[in-house]
Amino acid sequence: MGLGNYEDSLMRRVTSSSQLSCALLELIGLTMWIGGIAIILVAVIPAVFNTLGMETGGRFLRRIFDSYNMLTSGVVLLLISTAGFRAWKGKHTQEHALPVKRTELGLLVSLLIVTVCIVLVLGPKAVELQEAAFAAESQDMKKVAYDAFFRTHMIVRALHLINAGLAVSLLIVKFRQWVRAGRILGFE
């Protein structure tokens, strides 16, 4: 084997390891995102409301979702970073890099927009309305405050489900991309 073949082999392994690292980070992030919402919806929420009262359970779940929102925000940043790295690598190096296709870019932008709406806009508003409902003294004031809270909270819940659907869609797109890249790079 000549030196040129050795360098080509080494270059292919370097490319493969950076591709594998990006893919692994993306897979871990998306799995945590999707698994996190599944566990919260299936196990945590029913257990909390079957064990704790409305106010205590609501405050507890708010803390759970604060942590979950931090996780999803971090995953969005991770996904954007790995896509940016792949785009940079494809333009500035001789190595093969998985391209950032329009479908992936569209899903990333959608995830970013929905996450920003949840974390920075509607989430804080829902918390404010929840606290107003808990602090209301008369039954009439509580009813009005809870109605306002649940309207906003319903939108936030829907956005969480939309975001989970976008994350699942991105995971499917990524799997297809990884399978195709594995064939190209010889990982069959």
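Coordinate-derived values only; no laboratory data. As the structure is a prediction and not an experimental result, all values here were calculated from the model. Cβ placement follows ideal geometry from the backbone for every residue including glycine, while neighbour counts extend to all protein chains displayed.
Using the Kyte-Doolittle scale, find the helices of the chain whose mean hydropathy is at least -0.5 and whose Cα atoms extend 20 Å or more along the helix's long axis, counting only whole DSSP H runs. Span-like helices, by this rule, are 3-39, 54-92, 102-116, 139-185. Our summary gives the range 3-185 a relative contact order of 26 percent, counting only alpha carbon pairs under 8 angstrom and 6 or more residues apart. Rounded to two decimals, the Cα-based Rg/Rh of the chain, with Kirkwood Rh, is 1.16. Projecting the alpha carbon convex hull of the range 26-83 along each direction and taking the average yields 3.7 nm². With unit charges on the beta carbon (Lys/Arg positive, Asp/Glu negative), name the residue among Met154, Met141, Leu77 whose Cα is farthest towards the positive pole of the charge dipole of the chain. It is Leu77, whose Cα lies furthest towards the positive end.
Remark: the chain carries a charge dipole of roughly 500 debye about the Cα centre, counting +1 on each Lys and Arg Cβ and -1 on each Asp and Glu Cβ. What 222 nm value per residue comes from the helices of the chain, counting each DSSP H run with n ≥ 4 as -39,500 (n - 2.57) and dividing by all residues, nearest 500 deg cm²/dmol? It comes out at -30000 deg cm²/dmol, rounded to the nearest 500.
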